[in-house]
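The values are calculated or read from the model by the stated rules, or taken from the named source; none is laboratory data. Since this is a predicted model, take the numbers as computed values, not measurements. Backbone-built Cβ (ideal geometry, glycine too); neighbour counts: all protein chains shown. Each accessible area value is taken on the protein alone, full model and side chains, heavy atoms only, with ligands, DNA and RNA left out. Shrake-Rupley method; radii C 1.70, N 1.55, O 1.52, S 1.80 Å.
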Amino acid sequence: MTTSTAKTGGYTGIDLNADRNRNSTLGAVALAILGLVWANGHLDGYQMQLLNLVAINAILAVSLNFIYGFAGMFSLGHAGFMAIGAYVSALCILTPDQKDMIWLLEPIWGPLNTVHTSFFVSVLLGGLAAALCGFLIAFPVMRLGGDYLGIATLGFAEIIRVLFTNWPALTNGAIGLRGIPAYANLWWNYAWLGLTLFVILAILKSNFGNVLKSIRDDEIAAQTMGINTTAYRTMAFCLGAFFAGVGGALMGSLVTTIQPKMFNFLLTFNIMMIVVAGGLGSITGSLVGAAVVTLMLEWLRIIEYPIDVNMTYLMGHAWLQVLITALALAALWFSFRQVRKSGRGLSMKKALWSLPIVFCGLILAGFVLRWLNADILPAEFTIPGIPGMRMLLFSVALILIIIFRRQGMMGSREFSWNAFYRFFRVPEKQKNIPMAKGAAMEISGVTMRFGGVTAIDNLSMTIPEKKVVGLIGPNGAGKTTVFNVITGFYRPQEGRVVFQGLPMTQLEPRTVCAVGVARTFQNIRLFAGGTVLENVMTGCHVRQDSRWWMAPLRLPMFHKEENEIRRKSYALLARLGLAELADEKAASLPYGAQRRLEIARALATDPSFLLLDEPAAGMNPQESGELMRFIEKVRDEFDLTILMIEHDMKVVMGVCSHIWVLEYGRLIAEGGPDDIRSNPKVISAYLGHQATETA
Amino acid sequence: MTFELFIQNFFNALTVGSLYALIAIGYTMVYGILRFINFAHGDVFMVGAYFIFFGAATFALPWPLAAVAAIVGSAALGIIVDRIAYRPLREAPRISALISAIGVSFLLENLGLVIFTGLPRPAVQPEWMVNPIILGNIRILPISFIVPLVTAVLVMGLLWLVYRTRPGLAMRAISRDIETTRLMGVSIDRIIALTFGLGSALAAAAGIMWAMRYPQIHPFMGVMPGFKAFIAAVVGGIGSIQGAVLGGVLLGTVEIMAVAFYPELSGYRDAFAFVLLIVILLFRPTGLLGEKLDDKI
């Protein structure tokens, strides 16, 4: 691979922050170890148990996510692999004496009575046994894939359960195994979690991770890339099974008693819940999900126990009544609005929002009854605990997540130190950089590469103030990339962009907007669901001083500014001839009006520099003629600099006082319209070399 | 084994097999159209059994009326489940709909636990069903005749509907090519709802008869028959109604006869179906009567 470096122009793809990130990881691990030391000394038995469960569930969730989210296979057999891991490990760590005591019905099988290994080896063997079974099951059904794999693995888990119930010589039958040595403490569990993460992340971050995802996304395309998809799928499945076995082994030693019926489908369901809630395809999500779901499952046990409601206490404390009534009324009002908003006819949304209405209505009715001294409600009553309620809530949650937020908490995003530090980075005080007189923006030596492709090559432009200027070039010349560099979507590898003395290349897109550079997009990007007015008002947000929490408080400052924004937006629409469309949905506007609205929205941010990306695209000669007048009007009335990308030569030559021409990311010409029109390089770029020869 | 015992086992097998077949039809129809395993189907079966219990015991409806009410109620449930939990996910990756279906399955089971409590309920059996028919040394419950008969009638009706009516034509067309069928002006959502309704009605019928045969109703009674019926559908060839019937009867026979001939295997009864599944997937992945579904490249 060494030969390719020259071609890619020095791009190595190495993370410049690798050292910092590695140190951060080490620091986080050290911190986690300290946390565990603290937990070991300070938490009670129940809390420790929970903390242990979180680690084990995290191992199980990460392994299932590896199969689901990365290798794209649907497996429902996790409980089966856990059972194998738990039993194999238990058989290895039970002492021969214990085995004599446990296997009463039928003596234990042959040499097993003398086997005794250390805990680590036993967990490893449990994982390996699970992986082996995974291989045996994967081998026949892997080529079928899809739903068949799901049902076959489910069947496998059931077979394991039935087999373990009916094989007393190996498993002691339905009674199960008791008194398994409780080796699985915090240290072991978290160490295994660390190992799981290390192995799985190492694979996912390597090119083999890309291979797995390619099989997930398009198996046929992956095969044509020379990938043995069956082999990789089998590998991923077995690795997932291995860690499921490890999780099962740890679980067995944590709870010290295992029975075949423990490893039912509910167990798989819980882990699936973690993976889905965290986000299919996000290891970070699985870790967060493991903590959230494990704790929720514990805390929600409350609702399966009776709850005492003491109305006398409640009625004796006025503030409690006021608080509860206020909350109920607020919830009622909010839900009513949601129901009204969801339109006519029956819909899912309406049905869902009706539930809180009923609930709050009942609470309020209860209060009214008490105030009227009606004895319909007893002063003290108990809401009985309802078994099954907890899993009911969880299944509803699972369905709601999958319907309304399929990506879970994290989607397929991952935690990264780069994102972490970006979040905490304090913007540096920038020194003003002197600029040439009369220049609005200076682009100097900007180079932008994507992998081996150089999209912009050493580009320098000095853009004069208060002028309309153009950037042209054939398709793929890198024009839009220039816009994306200016507006902070791309960070160029070299060079800088200076705007009003301010270096721009490290700014976020929103900061670029705040300093006064606005843009439109080649493919119109309006907020399609909002009205024309709402789109423009959104543009005003960047200059807004009031904050969101002032809205419910109805502060005077908020009111004043809100009205101001509304007035200003109307005025803007009126100036651009869109006033009568103010309440139309943005998406319903005709094409030309959408283009104008996008410009109006950009102007609402009070820019002093406006970037227009192909404003005349898709317009007929008459429309583009109007657009030219419109652009000149905007420049004069709003007193700003406009840089536009445009293919329509009539528009470019008509309104631009200065033009830059890009080809393959290089500047090939610049000058006034007449210079450009007659420049042979430009003609050949547009029409091919032959045209210049014959011309 | 004596001949009498064999006859009794034969009818047992036929009964269980017919019930598997009725449930399997629901799986196979939905899979044929949407390529999606409706995990909650077994729980619709359970709800059907509860409906007739409450219809007959709580509301004191006459038995046939209660049966009709239970079937209609379950069909409505099937349609509602599709509307709420599956239709929003038609365009989503397949795994999402599957997870949603598993969620619905747990929802129905736990809703049953919350509303009906976990206490097993006795099924209400009409007098004439309880007294066995005695032919010489053979004692056979009337239900063992009724179940295969009712099943045969229901399957005939379904086949007529699928092969001789316009909605049936639309169903078959959707299972070939959903997009083209949409372009032909068929209301896809309505046909899919009809499919769910029919499948659920058949599952409820099976649930009612199951409760007659094994008179204990509890919220998790649908889990195992559900899994096994799905396996029956795969064995018969998923997407084929005739295949589902064949698979169901075959699976019932294997289960009953294996235990009849080898009583020592009775502990493994629940595992037979899954072993059969894996064997079929190994040697004939499209099932006995199924056609190969190819992915377009």
- With the 8 Å Cα cutoff and a minimum separation of six or more residues, chain A has a relative contact order in percent of 13 percent
- FRET efficiency, A:F638 to B:E179 (Cβ-Cβ, R0 35 Å, nearest 0.05): 0.10
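Working out 0.36 nm times the residue gap between A:Q49 and A:S588, then minus their Cα-Cα distance, what length gain in nm do you get to one decimal? Don't jump to the answer; show the numbers that get you there.
Values: separation 539, 0.36 × 539 = 194.04 nm, distance 5.74 nm.
So the extension gain works out to 188.3 nm.
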- Chain-alone versus full-assembly comparison, the range A:128-175, residues with accessible loss of at least 30 Å² (1.4 Å probe): A:P140, A:R143, A:L144, A:D147, A:Y148, A:I151, A:L154, A:E158, A:I159, A:V162, A:N166
- Backbone HN-Hα couplings from phi across the range A:292-306 [Karplus 6.51/-1.76/1.60, Hz, Gly and Pro as x]: 5, 5, 4, 5, 4, 4, 6, 5, 6, 4, 3, 6, 8, 9, x
- Message: Summing both sides, how much accessible area is buried between A and B? Use a 1.4 Å probe and give Å² to the nearest 100.
- Response: 3800 Å²
- Item | Dipole moment magnitude, nearest 20 debye, the range A:24-264 about Cα centre, only Lys, Arg, Asp, Glu C-beta charged | 180 debye
- In the range B:19-111, chymotrypsin sites (Phe, Trp or Tyr not before Pro) in a DSSP loop with at most 15 other beta-carbon atoms within 10 Å: B:F59
- Query: Once you list every other residue whose beta carbon is under 12 Å from the beta carbon of A:G478, what net charge do they have if Lys and Arg are +1 and Asp and Glu are -1?
  - Reply: +1
- Helix A:389-404 versus the longest principal axis of chain A: what angle, 0 to 90°, nearest 10, using Cα atoms? 30 degrees
- Query: Simple spin-label model, 7 Å along Cα-to-Cβ: A:I303 to A:D217 in nm?
  - Reply: 3.9 nm
- Message: I want the antiparallel fraction of DSSP beta bridges within chain A, as a percent rounded to 5.
- Response: 60 percent
- Note on the structure: Here the range A:211-223 yields Karplus 3J(HN,Hα) values (6.51, -1.76, 1.60; θ = phi - 60°; whole Hz; Gly and Pro given as x) of 4, 4, 5, 5, 5, 4, 7, 7, 5, 5, 4, 4, 5
- Task: With springs connecting C-alpha atoms under 10 Å apart, model chain B as a Gaussian network and identify which of B:L65, B:L113, B:L183 has the largest mean-square fluctuation.
- Result: B:L183
- Query: What residues have an amide H closer than 5 Å to that of A:M644, excluding those fewer than 5 places away on the same chain, when H is modeled at 1.01 Å from N in the peptide plane?
  - Reply: A:V469, A:G470, A:L471, A:L612
- Counting only residues 5 or more apart in sequence or on a different chain, those whose built amide H sits under 5 Å from that of A:L502 are A:I433
- Note on the structure: Helix B:166-176: inclination vs chain B longest Cα principal axis, degrees, rounded to 10, gives 70 degrees
- Query: How large is the charge dipole for the range A:525-605, taken about the Cα centre, if only the Cβ atoms of Lys, Arg (+1) and Asp, Glu (-1) carry charge, to the nearest 20 debye?
  - Reply: 160 debye
- Item | Most mobile of B:T253, B:T195, B:T180 in a GNM of chain B (Cα contacts under 10 Å) | B:T180
- Task: Set Lys and Arg Cβ to +1 and Asp and Glu Cβ to -1, take the dipole of the range A:525-605 about its Cα centre, and tell me which of A:C540, A:S588, A:Y570 lies farthest positive.
- Result: A:C540
- Query: Cβ under 13 Å from A:W333's Cβ, A:W333 left aside: what net charge do those residues give with Lys, Arg +1 and Asp, Glu -1?
  - Reply: +3
- Top mean-square fluctuation among B:A67, B:A206, B:A57, Gaussian network model of chain B, C-alpha springs under 10 Å? B:A57
- Using a Förster distance of 22 Å, the FRET efficiency for A:A39-A:V292 (Cβ separation, nearest 0.05): 0.75
- Task: Please name whichever of A:M649, A:A55, A:T325 sits farthest to the positive end of the charge dipole of the protein assembly as shown, dipole taken about the Cα centre and charges placed at Cβ: Lys and Arg +1, Asp and Glu -1.
- Result: A:M649
- The long-range amide H neighbours of A:T531, using H built 1.01 Å from N in the peptide plane and a cut-off of under 5 Å, are A:A586
- Query: Which of the listed residues, B:L161, A:L612, B:I99, is farthest toward the dipole's positive end in the protein assembly as shown, when Lys, Arg count +1 and Asp, Glu count -1 at the beta-carbon?
  - Reply: A:L612
- Note on the structure: Dividing the helical contributions, -39500 (n - 2.57) per DSSP H run of n ≥ 4, by the residues of the protein assembly as shown yields a 222 nm value, nearest 500 deg cm²/dmol, of -20000 deg cm²/dmol
- Simple label model, 7 Å out from Cα along Cβ direction - B:V72 to A:K650, nm: 6.9 nm
- Note on the structure: Once phi for every residue in the range A:579-588 is put through the Karplus expression 6.51 cos²θ - 1.76 cosθ + 1.60 (θ = phi - 60°), the whole-Hz ³J(HN,Hα) values, with Gly and Pro written as x, are 4, 6, 9, 3, 9, 6, 5, 4, 5, 8
- Message: Using only the alpha-carbon atoms, how far is helix A:265-278 inclined from the longest principal axis of chain A? Give it as 0 to 90 degrees, nearest 10.
- Response: 20 degrees
- Net charge contributed by nearby residues that have their C-beta within less than 12 Å of A:G671 (K/R +1, D/E -1): -1
- Of the accessible area of the range B:58-164, computed with a 1.4 Å probe and all protein chains kept, carbon and sulfur make up a percent value of 73 percent
- Task: Mind checking the per residue accessible area of the range A:525-605 for me, 1.4 Å probe, whole number of Å²?
- Result: 55 Å²
- Rounded to a whole %, the carbon-and-sulfur portion of the accessible area of chain A at a 1.4 Å probe is 63 percent
